[in-house]
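Written below as structure tokens is the structure these notes are about.
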């Protein structure tokens, strides 16, 4: 049997893991569109991400146990079918509540497929070590590519297409696995059930949860800043955040250069904290300034996720259960990160909104334009703000159409630039405390990474 | 140095360098301008002069004076006075009734007259009758005068005939 890259079963399993773990982050760039289409709040739309990650966190270990009980082939095939069916339901949802329910069911199917894949991979690729590498790489690739793919689909087609396109992909991945399901022998399953399950690697999983919280914050907040704060299109934002997966490729090369997983984990957490610190201290609202922090975050996440996953799985048996613990820890981290930071930045957006509006009004009042025009602009700003409750304001167009007179036009253009500058400052600064907290969480992950060195290994 | 140590040290150096460069470039102070305290004296800008320039500075001064009396910012008050609906929302939010607002508007107009006089932009002969008007102006008219100080300063509605004289007396 071909146990290399030519084996369609390896590709099918990698695809299954990639597509499920991409789903954790694929909707990030679609959130602003979902937010508008379903007429919900920032907190409500956060649950489109939270629901999936929460169910994954809760279901991963039980799903791994179920996979071992019914047979990993059958579990993976059933999991992918559930994932595809729920994806279809997500794609046709017209209300936030149905979307959240479908996302939760999707996560159940996903948890079953991902943990079963880890159980199937050693027999398919020939060794547990190789299986871990394929599994972790597929998951990291999916998670890193997710936002960019989701952004492109959102702008070119619609946010619903993100879910609808998963249906044929998940079913295609299930086809080669069906043969395994048919071949499974009940005796082998029973034999696996009888093997004892060792305790999970506590500190590696705690560290995984903490860095996942920081990574989720980095992706979620950066996308919101780009789309809602700086008014980029989803494709524009997708291109910008592609810097992270590109940098992650560099990080994966570094992983091969340094063997010690604890050093890689520590370096990854430090880079993650540095990148998030950079985003917290952006000196201007310019896309180019987000690139250096993204490089550090991309390299950091690649180093720390692979190192901690390897540490959590090293020498532990059965792999599916321990893989389930890592999935659980990562997704729990995402949930904690989102739930902890959402109230912080929604509050900060509201505060900055008020401050930016006052600063914008001050710019208008102090400008050399006609006093009556000033008051008319103040009125337009007030009217515009009626529909902007809780959102980062965009007041640039209240000055349109521009006056015909050249002198007046240049005054109004200058006023518009100053007004835009105040709004950009407000939008950018609204995210700073949340990025700062995420950076602190990444730094604090060094504690369990250090403890893992002394106690668990 | 081992590769493992080099990796950790490299991560530290890159992270600190990024944070340091962004801090040095003003990352910690990239925030919207804070609203000025309206109770503090307001510098009068050099304007093109004449009634137009005086009216512009007068309006800002009057807004400052009224906002100071109400304990709100000048910007909040300017938006509140833009429409009737805004004013109602403003009154509910800050618990300010019409009487309180009228007193504040009068205080604002008086401060603007004082400021204009102090900055040599208004002659004492003109300031006295303007003060008399400002002290008793009803709310709606007071708001109109703050918004369009030219009317007040040339006496269109209250001091008919004084407008031309004022143009003459302006420094």
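Every number in this text was worked out from the coordinates using simple rules, so none of it is lab data. Bear in mind that the values here come from a model prediction, so they are computed numbers and not experimental data. So basically every Cβ, Gly included, is an ideal-geometry build from the backbone, and we count neighbours across all protein chains shown.
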0 to 90° range, to nearest 10: angle between helix A:8-22 axis and chain A longest Cα axis: 40 degrees
Per-residue average of Cβ from other chains inside 10 Å of A:359-369: 5
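Ratio of Rg to Rh for the stretch A:12-52, alpha carbon only, Kirkwood? Let's see the in-between values first.
Values: Rg = 12.2 Å, Rh = 11.0 Å.
Ratio value, two decimals: 1.11.
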Cα-Cα P(r), the stretch A:296-363, percent of pairs per 10 Å interval: 17, 27, 23, 16, 10, 6, 1
Distant alpha-carbon pairs in the stretch A:136-295 (separation over 21 angstrom), percent: 60 percent
log₁₀ of I(q)/I(0) at q = 0.06, 0.07 Å⁻¹ - chain A, Debye sum with one point per alpha carbon: -0.28, -0.38
Global size of the stretch A:225-268 as Cα Rg and Dmax, reported in angstrom: 15.2, 43
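Could you work out the per residue convex hull volume over the alpha carbons of the stretch A:40-147, in cubic angstrom?
100 Å³
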Whole-number percent relative contact order across chain A, with pairs defined as alpha carbons under 8 Å at least 6 apart: 22 percent
Bins of 10 Å, starting at 0 and running to the largest distance - Cα pair percent for the stretch A:1-195: 10, 38, 32, 15, 5, 0
Degrees between helix A:261-280 axis and first principal axis of chain A (Cα, 0 to 90, nearest 10): 20 degrees
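What's the exposure ranking of B:94, A:163, A:345, going from fewest to most Cβ atoms within 10 Å? Could the numbers behind the result be given before it?
Details: B:94 15, A:163 28, A:345 24.
By the 10 Å Cβ count, ascending, the order reads B:94, A:345, A:163.
Among B:119, A:201, A:331, A:95, which comes first, second and so on when ranked by fewest other beta-carbon atoms within 10 Å? Display every interim value, and only then the final one.
On the way: B:119 14, A:201 25, A:331 29, A:95 11.
Listed from fewest to most nearby Cβ atoms, that is A:95, B:119, A:201, A:331.
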Base-10 log of normalised Debye intensity for the stretch B:12-108 (one unit scatterer per alpha-carbon) at q = 0.10, 0.11, 0.16, 0.25 Å⁻¹: -0.44, -0.50, -0.75, -1.25
Stokes-Einstein D for the stretch A:200-457, Kirkwood Rh over Cα pairs, 4 °C, 1.567 mPa s (µm²/s): 65 µm²/s
10 Å Cβ neighbours from other chains, averaged over peptide A:256-267: 4
0 to 90° range, to nearest 10: angle between helix A:291-313 axis and chain A longest Cα axis: 20 degrees
Shielding of B:18-25 by partner chains, average beta-carbon count, 10 Å: 6
Per-residue Cβ neighbour rank within 10 angstrom, fewest leading, A:404, B:64: A:404, B:64
